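Below: the structure, in structure tokens.
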Amino acid sequence: MSEKSKSIDSKKEFSKDERLKKVSKLKILLNRPELGALGGSILVFIFFGIVAGDTGMFSAYGTLNFLDVSANLGIIAIAAAMLMIGGEFDLSIGSMIGFAGICIAIPAIYWGWPLWMSIVFAFAMAVLVGYFNGILVVRTGLPSFIVTLAMLFILRGATLAITRLITGRTQVPGLRVLIDNDPIAWMFATDTFKWLFTWLGSMKLIALRTDGTPLATGIPPSVIWFIILTIFATWILMKTRYGNWIFASGGDKVGATNVGVPVGKVKISLFIGTACGATLFACIQVLDAGSADTMRGTLKELEAIAAAVVGGCLLTGGYGSAIGAAFGALIFGTVSMGIFYTDVDTDWFKVFLGAMMLIAVVFNNYIRKKVTESK
Amino acid sequence: MSENLIEFNGISKFFGKVIALKDVTMKVKKGEIMCLLGDNGAGKSTLIKTLSGVHKPDEGEIIIEGEKKIFDSPKDALDMGIATVYQDLALVSLMSVTRNFFMGREPQKGIPFFKTFDIEKANNIAAERMGQIGIDIRDPSQAVGTMSGGERQCLAISRAIYFGAKVLILDEPTSALGVHQASVVLKYIVKAASQGLAVILITHNVHHAFPVGNSFTVLNRGKSLGTYAKKDLSREKLLSMMAGGEELDKLEVELREMDRISKN
Ligand SMILES: Nc1ncnc2c1ncn2[C@@H]1O[C@H](COP(=O)(O)OP(=O)(O)O)[C@@H](O)[C@H]1O
Ligand SMILES: [Mg+2]
């Protein structure tokens, strides 16, 4: 009896369908994981537009500043998001940043390697660290939270110990002079579209220094990398077979394995991805500052995960997007810089970060229920 | 002999001291539905995991189309045309119908190194295949989590068939379904067999097995109680053969007894 009434209900649903078509388009949009972060970004810009619109925050210089901060965070947030979609965490991102920094600086300064070789070396180490994280998680079946927490301590400790052993200090300066004439360092250290800013300056469209050169000299390399990575990661997730494997590995490890997805390999590659993201972050920062610091990147892993979560990634894996993580990073970068332009004490930034995360998690949880809602 | 698509002879599987399977033999022909019955813990899942490359048998051999085979992984079995639809279905509820349908075997297009997942083609195939079994996928990009249990089961089966299964192994496909949905799935299984697949249907529900099966193998505590053709069996005989059958008989007697006493 109840079966009969059920099938009648479903027939009703079918006949209503034609009228529902329009709504379902909207529903598709509402179901996109990055929706929350996109909305959040818009709100953040409206907020600062109102309270800090006339302070120079949105001048060319101010804009590039908060974009630079967002982009740096975004680089690791996207890598962290891909890994989270694949069902794992990497808490060693921050320590990897510090480690990669000295992998660049020590060979270049103390061993006389050319800078490009040190950079290649740092990325090679990143591949090793990522592979090690991945193989440990895949082989032992332990939660990646624990494995990479151990790696957080190991890498940070090793970074400090090695640096002090070799240099007697915790900082390695002197890199700036090596950048010129290096075949690859420019990729991480050069502002682009300088001509545009020179032109804008000459037209008196943007603020100038006293010597007549524009205050904002060009797009920082972090922003270019950030854009490239966002596009690349989105392409992978949405348009490639490997992307489908990432969703599958995070969504249901056993199920994915049973239909032939190489889950272990996918996860290992994603751990290599986060380590390489951390190394790219380190490259840009170390070359920008001209020095490596053993404490660089501290707590960055948590910010990256926070940005990914705000961007719509589920903590349980299998759902999320790179664009979402990019917007998550944009929110954090904009607020962390924007807060300087307001009367609000900067101490409140962390409160904001935490609150954003809570809201995002509640929102995401609701979305997930909607997506998997049974008929 | 080679009319059997798949045979396994004297399969045993031990987990430490536990004898999960002992000397189990079974043969399935093309177009035949072999029902594997048994109570919980009888070893049904272990048997099909052995057959699908998850476990290696400790004794015995697997013969496919007359040739002895050894599977090192589920992928080996899959490549040989042995597709297993597990109890958990290997579907990811957060992913779309299409992405699930092609999970692990996504069609690609484009030049090497820049190959993309041909989602358009995948969407079309998924919608067409689901349409053939009467499931109207309004939007192939909808999450599998929004489908009913029966639809999911059919999706998993249809996926296995699309990817060239010769032997289709179904682990308790109807156990979580209502009467109506179960009958939809069973109908689809019969249709699959009529297209020339060998089907091994695992269940502990005799009422689901009996109408569709051609032959029946009953497992009890890791041992086969033998294989019977449908004509040599009745529903009642099958029921009582399964472990618990006798107990159910006893229970019935006891209940009748109680009924009588309470009436008096
Ligand atoms: N991986 C394993 N390790 C140890 N024992 C197992 C394992 N898998 C199954 N068993 C045991 O083998 C027996 C048969 O289990 P199973 O094949 O799952 O039965 P069924 O599917 O018929 O309910 C049970 O006693 C179970 O505890
Ligand atoms: Mg079982």
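Quick notes on this structure:
- Every pair of residues 6+ apart whose Cβ atoms lie under 7 Å, when the first sits in the range B:225-237 and is surrounded by 13 or more Cβ atoms within 10 Å (Cβ to Cβ) while the second is in a loop (DSSP other than H, G, I, E, B): B:LYS230/B:GLY213; B:LYS230/B:ASN214
- Residue check, B:PHE101 more than 30 Å from B:GLU7 (Cα to Cα), more than 17 Å from the chain's Cα centre (by Cα) and within 13 Å of chain A (Cβ to nearest Cβ): no
- B:LYS49 vs. criteria within 13 Å of the chain's Cα centre (by Cα), without any contact (Cβ under 8 Å) to a residue 40 or more places away in the chain and within 16 Å of ligand 1 (Cβ to nearest atom): yes
- Close Cβ contacts (under 8 Å, 6 or more residues apart or on different chains) running from residues in the range B:65-80 that are more than 24 Å from B:GLU3 (Cβ to Cβ) to residues that are part of a helix (DSSP H, G or I) comprise B:PRO74/A:THR257; B:PRO74/A:ASN258.
- The set of residues in the range A:220-263 that are touching a residue at least 24 places away in the same chain (Cβ under 8 Å), at the interface with another protein chain (Cβ under 8 Å from one of its Cβ atoms) and in contact with a Leu (Cβ under 7 Å, 6 or more places away or on another chain) contains only A:GLY251.
- Residue match in the range A:343-357 (condition: open to solvent by less than 10 Å² (accessible area, probe 1.4 Å) and out of contact with any Pro (no Cβ under 9 Å at 6 or more places or on another chain)): no
- Residue in the range A:280-300 that is open to solvent by 10 Å² or more (accessible area, probe 1.4 Å) and within 14 Å of chain B (Cβ to nearest Cβ) present: no
- Test result for B:VAL218, open to solvent by less than 20 Å² (accessible area, probe 1.4 Å) and touching a Gly at 6+ places or on another chain (Cβ under 9 Å): yes
- Filtered residue count, the range B:166-218, keeping only those that are among the hydrophobic types (A, V, I, L, M, F, W, C) and over 14 Å from the mean Cα position of the chain (by Cα): 6
- Looking only at the range B:39-93, and only at residues there that are within 16 Å of ligand 2 (Cβ to nearest atom) and hydroxyl-bearing (Ser, Thr, Tyr), the one that is most open to solvent (accessible area, probe 1.4 Å): B:SER45
- Scanning the range B:73-126 for residues that are over 19 Å from B:ALA143 (Cβ atoms) and of a type in the set (Ser, Thr, Tyr) returns B:SER73, B:THR84, B:TYR86, B:THR116.
- Number of the exception - A:LYS369 against (1) at negative phi; (2) within 14 Å of chain B (Cβ to nearest Cβ); (3) in contact (Cβ under 8 Å) with a residue 40 or more places away in the chain: (3)
- Within the range B:19-34, the set of residues being touching a Ser or Thr at 6+ places or on another chain (Cβ under 7 Å) and away from ligand 2 (no atom under 14 Å from the Cβ) comprises B:LYS22, B:ASP23, B:VAL24, B:THR25, B:MET26, B:GLY31, B:GLU32, B:MET34.
- Some residue of the range B:199-207 being away from ligand 1 (no atom under 16 Å from the Cβ) and part of a strand (DSSP E or B): yes
- Residue in the range B:9-18 that is in contact with a Gly (Cβ under 6 Å, 6 or more places away or on another chain), open to solvent by 60 Å² or more (accessible area, probe 1.4 Å), among the β-branched types (Val, Ile, Thr) and within 11 Å of ligand 1 (Cβ to nearest atom) present: no
- Against the list (1) farther than 23 Å from B:ALA193 by Cα; (2) within 12 Å of chain A (Cβ to nearest Cβ); (3) buried (at least 20 other Cβ atoms within 10 Å of the Cβ), the condition B:GLY150 fails is (1).
The values are calculated or read from the model by the stated rules, or taken from the named source; none is laboratory data. Because the structure is a prediction, the values reported are computed rather than measured. All Cβ positions, glycine included, derive from the backbone under ideal geometry; neighbour counts span all protein chains shown. Surface areas here come from the heavy atoms of the whole protein model, side chains and all, with no ligands, DNA or RNA. Shrake-Rupley method; radii C 1.70, N 1.55, O 1.52, S 1.80 Å.
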